[in-house]
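Trainee: A single structure is presented below for examination.
The values are calculated or read from the model by the stated rules, or taken from the named source; none is laboratory data. Quantities reported herein were computed from a predicted structural model and do not represent experimental measurements. Neighbour counts are summed over all protein chains in view; Cβ atoms, including those assigned to glycine, are modelled from backbone coordinates with ideal geometry. To get the accessible areas, we keep the full protein, side chains included, count just its heavy atoms, and leave off ligands, DNA and RNA. Shrake-Rupley method; radii C 1.70, N 1.55, O 1.52, S 1.80 Å.
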Amino acid sequence: MPTEKFNTIESSAVPINIENIDTDQIIPARFLKSTSKEGFGKNLFRDWRYDNKNQPSNDFPLNDSKFLGTILIAAKNFGCGSSREHAAWAIADYGFRVVVSSFFADIFKNNALNNGILPVQISEAFLEKMFNEIEKDTTTKFVVDLHTQTIKIASTDESEFFEINKYKKDCLLNGYDDIDYLISKRYEIEAFENNRELSN
Amino acid sequence: MGKTLFDKIWDQHVVTQIEEGPSILYIDRQFIHEVTSPQAFTGIKNRKIDIFRPDQITATADHNIPTINQHLPIKEELSRIQVETLQKNCEKHNITHYGVGHESNGIVHIIGPEMGYTLPGMTIVCGDSHTSTHGAFGTVAFGVGTSEIEMVFASQCVLQPKPKKMRININGELEKGVSSKDVILYVLSKLSSSGGTGYFIEFAGTTIEKLTMEARMTICNMSIELGARGGLIAPDQITFNYIKGRKFAPQGKDFDKTIAKWKALKTDVDAVFDAEFTYNANDIAPMITYGTNPGMGMSVTDSIPDLSEVNESAKASFLKSLDYMGFKPGEKLKGKQTNYIFVGSCTNGRIEDLRAVAKIVKGRKKASNIKMYIVPGSKAVERQAVEEGLDKIFKEADIQFRQPGCSSCLAMNEDKIPNGEYCVSTSNRNFEGRQGPGSKTILASPLTAAATAIAGTLADPRDYL
Ligand code: SF4
C-alpha cells in the first residue's frame with residue numbers, strides 16, 4: 001500500500017529544547033490501549049502539555065500559539081526508551097512531518113521513517129543555531145529538502161547536510177511501502193529457508 | 001579478520017543485502033503481546049494476505065493485565081478489548097497464545113527463555129524494546145515497532161541496517177550484595193543512556209562468565225537502556241544447562257548434536273569491535289538512580305553530582321530531572337524516605353530475584369510506611385516461589401505477592417504509583433511518569449529494594465546480609 005510521498009518542506013518549527021526525550025514522554029503508556037493507529041495526536045506529550053489538574057501548561061511550546069509548523073526540533077537523544085510506534089503515530093497525527101535533533105534513538109528513527117516522518121540528524125552546532133534563530137523570531141522558516149539532503153535556515157541561508165540511507169530516501173520520495181516490497185520477496189525468502197534446512 | 005559473535009549470527013540470517021540499504025534479515029522467532037500487535041494484524045487484514053509463518057510466532061498477554069484476581073474478567077474496558085483482540089487474532093491465524101491465567105502465561109521476555117523458545121544462534125524480535133533480554137542466550141534479539149511486526153507477519157523478515165559492534169568487558173569478583181542489576185546500572189552510569197546508540201553490544205569478561213542465566217538476562221535486558229539495538233553474551237555450559245529439558249528446546253540426541261553447533265557461537269580472537277570498554281567488578285557497589293533516565297545512577301552510598309561536575313550543555317536537563325525527582329545536586333539519598341517498592345518486570349521478575357528479596361526479608365517485617373508488592377514474571381515463577389515457600393516469607397514480612405504481568409513497570413494497569421511518591425523499583429526505566437503520572441522512580445536491584453522495605457528508607461543491602 002503506497003504511502004504519502006515526501007516533498008520539500010518549508011515551515012516554521014516548534015522547539016522543545018530538552019535532551020533525552022523518551023517515548024514515555026512522547027506518548028505515556030496509559031494511552032496505548034487503542035487497537036487502531038488513529039487519534040494519538042491529542043495525547044502527544046500529554047504530561048508536559050497538561051498539569052496534574054488536566055489544565056494546559058501554558059509554557060509548554062505545543063500550547064504556545066507563537067510556535068506553529070510541521071517541524072519539531074528537540075535536543076539530543078530524541079525518542080529513547082520504549083519501542084512503541086505509537087510515539088511516531090502521535091507525532092504524525094499531530095501534524096509534524098519532520099523531527100530535527102542532533103541524535104536519535106535507533107528504534108524511534110525506524111518507526112518515524114516507517115510512518116512518513118523524516119528524522120533529520122544534524123550537528124550540535126547547527127541545532128543550537130536553529131534554537132537561537134527561533135528564539136529571535138518564532139516565525140523563522142526552515143527548508144527541509146530530501147532530494148539534496150539539506151536543511152536550511154531561510155532567513156540566514158545557512159544550511160547543513162543530513163544523512164539518510166539511499167533505500168529509505170527512495171521509499172520516502174516515491175511513497176514506497178516496505179511491507180509490499182517484502183511480500184514481493186516471499187519466493188526468495190522461501191528459498192533461503194530451504195537452503196538453511198539443507199545445510200543443517 | 002575474524003568475526004564477532006554478532007556478525008556470525010547476523011550474517012547467517014541475511015536473505016539479501018539491499019544495495020546502499022538495509023539487510024533483509026530472516027527472523028527465527030517473533031514474540032507478540034496485546035499492546036503493540038493489534039495494528040499489525042489490522043495491516044495484514046487490509047492487505048488481504050495470510051501470516052507467512054504462524055508457527056514461528058508466540059503470543060502472551062502481559063502489559064495491560066491486572067495482577068490480582070486474574071480469574072475474573074478484566075474490569076478496565078480498553079485493556080479487556082486489547083487482551084481479547086490478541087486472543088481472537090491468534091485464534092484466527094493459528095498462533096500459539098498464552099492468555100491471562102494460562103499456566104504458561106507471563107511477561108513475554110520471561111516465558112520465551114523459560115519454555116525453551118529462546119535458543120542460541122537465533123534471531124528474535126518482539127514489539128517491545130526489552131527483547132534484548134533474549135541476547136543472554138547468544139541470540140540477536142531486538143525490539144521493533146509495529147510496522148516491523150507486520151513485516152514479520154508478512155514475510156518472516158525485517159529490513160534492518162546492520163548496527164556497529166561494541167564489546168563491554170567486566171572482569172573480577174562481585175562483592176557480596178552486588179548483583180547483575182548493579183553491574184548494568186554501573187555501566188549505564190559510565191556510558192550514559194545514549195552511549196550505546198547505533199551499536200549491538202557483546203558482554204564478556206570473567207564476571208559475566210560466572211553469572212547465572214537469570215543474572216545474564218538482567219544485563220542484556222537493560223542493554224537497550226544504553227541506547228543499544230541489543231546486547232548478547234556467548235553461550236557456554238551455563239547456557240546449555242539452563243536450556244536442557246525445557247519444553248521447546250531440542251531433546252535427547254538432538255540436543256547433544258545441537259550443542260556441538262552452539263559451541264561455535266563465540267567471537268573469534270582476532271575479531272575487531274567498533275568500540276570496546278572494560279570495567280572492574282571490584283569498583284561496583286549496589287547502585288541506585290537519582291534522575292529520570294537510567295544513565296543517572298550512582299552507588300547507594302554516593303551523593304548526587306554537584307552542578308560543577310556536570311557538562312555545561314547537559315546542565316539544563318540535569319536540573320530539570322532533579323527538579324522532577326525533588327532532589328538537589330550534591331544530595332545523599334541513603335536514608336531518604338520512600339513509601340513504595342515494586343519488585344518485578346522482565347528485568348528482575350525471575351525466581352532468583354524473588355529468592356534475593358526473600359533472603360533479606362526472611363524473619364523480618366517491612367517498615368510501616370512501606371507499600372510493597374512483588375509481581376512474579378510468569379506463572380512458572382509464581383508456582384516455583386510457592387513451592388519454595390517464598391510466598392510465606394513475603395506474607396510474614398507483610399509484603400503482597402501478586403499474579404504475573406508487567407504491572408508497575410509501565411503502569412498500564414491499576415498498579416500505578418501515586419503522584420509525587422517515590423518508588424524503589426527493580427524495573428528498567430525511571431522516566432518521568434513511567435510508573436504513573438507524577439511518580440518518581442528509583443531503580444535498584446532486588447536486594448536493595450528488599451533492604452529498603454525493611455528500613456523504610458533507601459538502604460544499602462550490604463547492611464542486611
Ligand atoms: S516488564 Fe516492563 S519492560 Fe518488560 S516487557 Fe513489560 S513493560 Fe516492557
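Trainee: For the protein assembly as shown, what does the helix formula give at 222 nm: sum of -39500 (n - 2.57) over DSSP H segments with n ≥ 4, over the residue count, nearest 500 deg cm²/dmol? Kindly include the intermediate steps, with their values, before the conclusion.
Mentor: Working: 24 runs with 215 residues, N = 665.
Using -39500 (n - 2.57) per qualifying helix, the result is -9000 deg cm²/dmol.
Trainee: Here's another thing I want to ask about it. Quick one: among A:Ile27, A:Ile189, A:Ile117, which has the greatest mean-square fluctuation in a GNM of chain A with alpha-carbon springs under 10 angstrom?
Mentor: A:Ile189
Trainee: Given labels modelled 7 Å from the Cα in the Cβ direction, how far is it in nm from B:Lys176 to B:Ile238?
Mentor: Taking the simple label geometry, B:Lys176 and B:Ile238 are separated by 2.0 nm.
Trainee: Where both partners of a DSSP beta bridge lie in the protein assembly as shown, what percent of those bridges are antiparallel, to the nearest 5? Could you put the intermediate results ahead of the total?
Mentor: Values: 24 of 78 bridges.
So the antiparallel bridges amount to about 30 percent of the total.
Trainee: Restricting things to alpha carbons, tell me how big the stretch B:165-248 is in terms of Rg and Dmax, in Å.
Mentor: Looking at the stretch B:165-248, its Cα Rg and Dmax stand at 13.0, 39 Å.
Trainee: Among residues other than B:Lys315 whose Cβ falls under 11 Å from its Cβ, what is the net charge (Lys/Arg +1, Asp/Glu -1)?
Mentor: -2
Trainee: Can you give the accessible area buried between chains A and B, summed over both chains, with a 1.4 Å probe, in Å² to the nearest 100?
Mentor: Details: alone 11470 and 18490 Å², together 24850 Å².
Accessible area lost upon association: around 5100 Å².
Trainee: Based on Cβ point charges of +1 for Lys and Arg and -1 for Asp and Glu, what charge dipole magnitude is obtained for the stretch B:287-463 about its Cα centre, in debye rounded to the nearest 20? Spell out each step's value before the answer.
Mentor: Details: 24 positive and 20 negative charges, 75 e Å.
The dipole of the stretch B:287-463 has a size of about 360 debye.
Trainee: By the gyration tensor of its Cα atoms, with a ≥ b ≥ c the square roots of the eigenvalues, what is the shape of the stretch B:117-157: rounded for a/c under 1.5, prolate for a/b over b/c, or oblate?
Mentor: Working: a/c = 3.23, a/b = 1.61, b/c = 2.00.
Oblate, since a/c reaches 1.5 and b/c is not below a/b.
Trainee: Quick check: net charge around A:Ala191, other residues with Cβ under 14 Å of its Cβ, Lys/Arg +1 and Asp/Glu -1?
Mentor: Value of the local net charge: -1.
Trainee: Hey, quick one: spin label on B:Glu76, modelled 7 Å out along Cα-Cβ, who in the stretch B:29-46 has an amide N within reach, i.e. under 15 Å?
Mentor: Only B:34-36 fall inside the zone, counting backbone N under 15 Å.
Trainee: Could you tell me which residue out of B:Val424, A:Ala74, B:Met151 lies farthest along the dipole of the protein assembly as shown toward its positive end? Charges go on the beta carbon: Lys and Arg +1, Asp and Glu -1, centred on the Cα centre.
Mentor: It is B:Val424, whose Cα lies furthest towards the positive end.
Trainee: Between B:Asn169 and B:Ser308, how high is the FRET efficiency from 1/(1 + (r/R0)^6) when r is the Cβ-Cβ distance and R₀ = 25 Å? Nearest 0.05. List each step's numbers first, then the result.
Mentor: Details: r = 31 Å, r/R0 = 1.26.
Between B:Asn169 and B:Ser308 the formula returns 0.20.
Trainee: Antiparallel as a % of all DSSP beta bridges within chain B, to the nearest 5? Working shown, then result.
Mentor: On the way: 13 of 54 bridges.
Among the beta bridges of chain B, antiparallel pairing accounts for roughly 25 percent.
Trainee: Moving on to the next point. Could you tell me what percent of the DSSP beta bridges with both partners in chain A are antiparallel, to the nearest 5? Spell out each step's value before the answer.
Mentor: Working: 11 of 24 bridges.
So the antiparallel bridges in chain A amount to around 45 percent.
Trainee: Could you work out how far apart the two model spin labels at A:Asp157 and A:Glu190 are, taking each label as a point 7 Å from the Cα in the direction of the beta carbon, and quote it in nm?
Mentor: So the two model labels end up 5.9 nm from each other.
Trainee: Where in the stretch B:60-131 are there trypsin sites (Lys or Arg not before Pro) that are in a DSSP coil and have at most 12 other Cβ atoms within 10 angstrom of their Cβ? Please report the intermediate quantities before stating the final value.
Mentor: Values: sites: B:Lys75, B:Arg80, B:Lys88, B:Lys92; in loops: B:Lys75.
Answer by residue number: B:Lys75.
Trainee: Here's something else I'd like to know. Please list, short to long, the whole-number percent of alpha-carbon pairs of chain A in consecutive 5 angstrom bins beginning at zero.
Mentor: 1, 7, 14, 18, 18, 15, 10, 6, 4, 2, 2, 1, 0, 0
Trainee: Let me ask something additional. May I ask for the Rg/Rh ratio of the protein assembly as shown, computed from Cα atoms with Rh as the Kirkwood radius, given to two decimals? Before the final figure, lay out the partial values.
Mentor: Details: Rg = 23.8 Å, Rh = 25.2 Å.
My calculation puts Rg/Rh at 0.95.
Trainee: Roughly how crowded by other chains is peptide B:147-154, in terms of the mean Cβ count from those chains within 10 Å of each of its Cβ atoms?
Mentor: 5
Trainee: Nearest 0.05, what FRET efficiency do A:Asp59 and A:His147 give at R0 = 41 Å with Cβ-Cβ as r?
Mentor: Computed FRET efficiency for A:Asp59 and A:His147 comes out at 0.65.
Trainee: Just to be sure I understand the model, the point goes 7 Å from the Cα along the line to the Cβ. What's the resulting B:Arg383 to B:Gln17 distance in nm?
Mentor: Each label point is offset 7 Å from its Cα along the Cβ direction, giving 4.6 nm.
Trainee: Can you give me the % of accessible surface on the stretch B:1-285 that is carbon or sulfur? Probe 1.4 Å, all protein chains present, nothing else counted. Can you show the working numbers first?
Mentor: Values: 4970 of 9920 Å².
Of all accessible area on the stretch B:1-285, carbon and sulfur atoms account for 50 percent.
Trainee: Something else: What does the charge count near A:Gly175 come to, summing +1 for each Lys or Arg and -1 for each Asp or Glu among other residues with Cβ under 15 Å from its Cβ?
Mentor: Local charge sum for A:Gly175: -1.
Trainee: How high is the relative contact order of chain B, in percent, counting Cα pairs under 8 Å that sit 6 or more residues apart? All intermediate terms of the calculation are to be shown ahead of the outcome.
Mentor: Numbers: 1114 pairs, mean separation 79.8, N = 465.
For chain B, the relative contact order is 17 percent.
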